[in-house]
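Report on the structure given below.
The values are calculated or read from the model by the stated rules, or taken from the named source; none is laboratory data. Keep in mind the model is a prediction, meaning the values are calculated, not measured. So basically every Cβ, Gly included, is an ideal-geometry build from the backbone, and we count neighbours across all protein chains shown.
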Amino acid sequence: MRPIGFVGRSPSEGRLARDLNAAGARNVIADLRALKSAVVELRGW
């Protein structure tokens, strides 16, 4: 499984994204509208 991190509209979005990447997230998104394209990118469809 390839994890996708979600930071939403957090005031500490940059720090949270770095933490999620360090924890193993392959992709980090801030807007759920980007989820479909993130999944497609990871799956290679």
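Looking at (1) at positive phi; (2) modelled with pLDDT of 95 or more, which one does ALA22 not meet, given that it meets all the others?
(1) is the only condition that ALA22 fails.
Which condition number does ARG15 fail, the rest of (1) surrounded by 12 or more Cβ atoms within 10 Å (Cβ to Cβ); (2) of a type outside the set (Ser, Thr, Tyr); (3) part of a helix (DSSP H, G or I) being met?
For ARG15, the exception is condition (1).
Can you list residue pairs whose Cβ atoms sit under 8 Å apart, with the first residue in segment 18-38 being touching a residue at least 12 places away in the same chain (Cβ under 8 Å) and part of a helix (DSSP H, G or I) and the second being surrounded by 13 or more Cβ atoms within 10 Å (Cβ to Cβ) and among the aliphatic types (A, V, I, L, M)? Count only pairs 6 or more apart in sequence or on different chains.
Going by the 8 Å Cβ cut-off, the qualifying pairs are LEU20/VAL7; LEU20/VAL28; ASN21/VAL28; LEU35/ILE4; LEU35/ILE29; ALA38/ILE4; ALA38/ILE29.
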